[in-house]
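Undergrad: The structure follows.
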2 protein chains.
Amino acid sequence: MTPGCNRPRPEGFCIWLTGLSGSGKSTTADAVAASLIRSARTVTVLDGDVVRTHISAGLGFSKEDRDANVRRIGFVASEIVRHRGVVICAAISPYRATREECRRMIGPDHFVEVFVDTPLAVCEQRDPKGLYARARRGDIPHFAGLDDPYEPPLHPDVSLDTTAHTAEDNARAVLFRLAEMGFAIDETAYALASSTR
Amino acid sequence: MTPGCNRPRPEGFCIWLTGLSGSGKSTTADAVAASLIRSARTVTVLDGDVVRTHISAGLGFSKEDRDANVRRIGFVASEIVRHRGVVICAAISPYRATREECRRMIGPDHFVEVFVDTPLAVCEQRDPKGLYARARRGDIPHFAGLDDPYEPPLHPDVSLDTTAHTAEDNARAVLFRLAEMGFAIDETAYALASSTR
């Protein structure tokens, strides 16, 4: 038997992290990715920066442009999942309808919605990129959670609290949920998620 | 042993078809895709239309915009190949430098450059979308092969003649070259390529 080939090729899936700016989406994405990578899976993380560099340069911050950006993330994610890859998307993706569109594009059975449920006040206090300060000064219009709506998921597959739990705890919660949903998650992934605390 | 799992998971690769508008890139892409799909591989075809719909809506036809479009195809292709998928890109991609950039992004060992070498006069006579007629009238500026350069590959992995050979013959030539380069090509793929003649 060829080494490493004693089980069926695993299914692809998309972990879709939604939440306010500063909620901890990218930190969570990185922690989940680190665990999966060390358990020998290939993982792509698509966050706003990656996507704006590679497929959305030139898009602005109007509602239409931000929506187009989210849909493009969805398209790239759908292609990765089609080829049985693992992709983690970290995008504010404030509108329910657009997230639903991405879910349909990717395939509902391969889409895991994770709500990074950090309260606005906490996000604004963290303000890692100084965006809330700029938005409050009026420099960034249509800011999700301030003068533009953020529509939280009604039935997320996982909800995370980033104020009471570490990124590694949260990564482990996501991995457990994936396993519950039937995706092949190597046990070493959990161990690694906790050993990095 | 799990059925279908008696060999290592195959490598991903990108078949990059370059050539003038009307040269037969999409027809060739479809024929190659059909053979690979029927031999049980998952294949994505990225052509100009797919990409303009999903990741490049809003890009125009300036040199910069068309170049950005080609690079975005390269980015999506690189992600598919990273996850060991098969992707066929059909894009005029007139500039050598941009194709080289895509080759680097995707990984030179997984990039197969196919020159769809149909003479300009033949492409213009076919003119399946009426683009040459419009370009000759001055409605489409910077048209590759007319008032903008098309830089043919200097060392393509495969060169195809679409005037003397059918799409299925050409598909088979591409599959043979892939096998020569060490990619796992199922023998049924050749059979199917010829049986569809």
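The values are calculated or read from the model by the stated rules, or taken from the named source; none is laboratory data. The structure displayed is predicted, hence computed values, not measured ones. Ideal geometry is used to build each Cβ from the backbone, glycine not excepted, and the neighbour counts take in all protein chains shown.
Undergrad: Regarding B:LEU154, is this residue without any contact (Cβ under 8 Å) to a residue 60 or more places away in the chain and farther than 15 Å from B:GLY22 by Cα? Outline the logic, then answer.
TA: Working: without any contact (Cβ under 8 Å) to a residue 60 or more places away in the chain: yes; farther than 15 Å from B:GLY22 by Cα: yes.
The answer is yes for B:LEU154.
Undergrad: Here's another thing I want to ask about it. Can you work out which of the residues in the range B:132-156 that are of a type in the set (A, V, I, L, M, F, W, C) and under 15 Å from B:ALA91 (Cα atoms) is farthest from the chain's Cα centre (by Cα)?
TA: First pass over the range B:132-156, keeping only residues of a type in the set (A, V, I, L, M, F, W, C): B:133, B:135, B:140, B:143-144, B:146, B:154.
Next, from what is left, pick out any that are under 15 Å from B:ALA91 (Cα atoms): B:143-144.
Details: B:PHE143: 19, B:ALA144: 16 Å.
Within the range B:132-156, the match that is farthest from the chain's Cα centre (by Cα) is B:PHE143.
Undergrad: Now, a different point. Output yes when any residue across the range B:128-137 is crowded, with 17+ Cβ neighbours inside 10 Å and not in a helix (DSSP H, G or I), and no when none is.
TA: Filtering the range B:128-137 down to residues crowded, with 17+ Cβ neighbours inside 10 Å leaves B:131-132, B:135.
Within this subset, residues satisfying the condition of being not in a helix (DSSP H, G or I) are none.
No.
Undergrad: Collect the residues in the range B:63-118 that are touching a helix residue (DSSP H, G or I) at 6+ places or on another chain (Cβ under 7 Å) and among the polar types (S, T, N, Q), keeping them in residue-number order.
TA: Result: B:ASN69, B:SER78, B:SER93, B:THR98.
Undergrad: Pick from A:ARG71, A:ARG41, A:ARG99, A:ARG84: which is at pLDDT below 95, among the basic types (Lys, Arg) and assigned to a helix (DSSP H, G or I)? Break it down into steps so the answer makes sense when it comes.
TA: On the way: A:ARG41 fails: assigned to a helix (DSSP H, G or I); A:ARG99 fails: at pLDDT below 95; A:ARG84 fails: assigned to a helix (DSSP H, G or I).
Just a single option satisfies the conditions, and that option is A:ARG71.
Undergrad: Out of the range A:23-62, which residues are among the polar types (S, T, N, Q), closer than 22 Å to B:ASP67 by Cβ and either more than 12 Å from every other protein chain (Cβ to nearest Cβ) or in contact with a helix residue (DSSP H, G or I) (Cβ under 7 Å, 6 or more places away or on another chain) (or both)? Explain how you work it out, then say what you get.
TA: Our first condition is that a residue be among the polar types (S, T, N, Q); within the range A:23-62, this holds for A:23, A:26-28, A:35, A:39, A:42, A:44, A:53, A:56, A:62.
Adding the requirement that they be closer than 22 Å to B:ASP67 by Cβ leaves A:53, A:56.
Of everything in the range A:23-62, just one residue is among the polar types (S, T, N, Q), closer than 22 Å to B:ASP67 by Cβ and either more than 12 Å from every other protein chain (Cβ to nearest Cβ) or in contact with a helix residue (DSSP H, G or I) (Cβ under 7 Å, 6 or more places away or on another chain) (or both), namely A:SER56.
Undergrad: Out of curiosity, is B:ALA91 closer than 13 Å to B:GLY19 by Cβ and of a type in the set (Gly, Ala, Ser)? Working first, answer last.
TA: Working: closer than 13 Å to B:GLY19 by Cβ: yes; of a type in the set (Gly, Ala, Ser): yes.
For B:ALA91, the condition - closer than 13 Å to B:GLY19 by Cβ and of a type in the set (Gly, Ala, Ser) - is met.
Undergrad: Please verify whether the range A:102-114 includes one or more residues that are closer than 23 Å to A:ASN69 by Cβ, hydrophobic (A, V, I, L, M, F, W, C) and in contact with a Leu (Cβ under 9 Å, 6 or more places away or on another chain). Full working, then the answer.
TA: If we filter the range A:102-114 for residues that are closer than 23 Å to A:ASN69 by Cβ, which is where we start, we get A:102-108, A:110-114.
Keeping just the survivors that are hydrophobic (A, V, I, L, M, F, W, C) gives A:102, A:105-106, A:111-112, A:114.
Applying the additional criterion that residues be in contact with a Leu (Cβ under 9 Å, 6 or more places away or on another chain) yields A:112, A:114.
Yes; the residues of the range A:102-114 include at least one that is closer than 23 Å to A:ASN69 by Cβ, hydrophobic (A, V, I, L, M, F, W, C) and in contact with a Leu (Cβ under 9 Å, 6 or more places away or on another chain).
Undergrad: Go through the range B:14-55 and report how many residues are hydroxyl-bearing (Ser, Thr, Tyr) and within 9 Å of the chain's Cα centre (by Cα). Step through it out loud before you land on a result.
TA: Looking only at the range B:14-55, we keep the residues that are hydroxyl-bearing (Ser, Thr, Tyr), and these are B:18, B:21, B:23, B:26-28, B:35, B:39, B:42, B:44, B:53.
Pick out the ones that are also within 9 Å of the chain's Cα centre (by Cα) and you get B:18, B:26, B:28.
Final tally of qualifying residues: 3.
Undergrad: Is it the case that some residue within the range A:108-117 is within 19 Å of A:ARG52 (Cα to Cα), in contact (Cβ under 8 Å) with a residue 24 or more places away in the chain and charged (D, E, K, R)? First the steps, then the outcome.
TA: Of all residues in the range A:108-117, those within 19 Å of A:ARG52 (Cα to Cα) come to none.
No, the range A:108-117 contains no residue that is within 19 Å of A:ARG52 (Cα to Cα), in contact (Cβ under 8 Å) with a residue 24 or more places away in the chain and charged (D, E, K, R).
Undergrad: Which condition number does A:TYR95 fail, the rest of (1) away from chain B (no Cβ under 14 Å); (2) surrounded by 15 or more Cβ atoms within 10 Å (Cβ to Cβ); (3) within 28 Å of A:ARG172 (Cβ to Cβ) being met?
TA: It is condition (3) that A:TYR95 fails.
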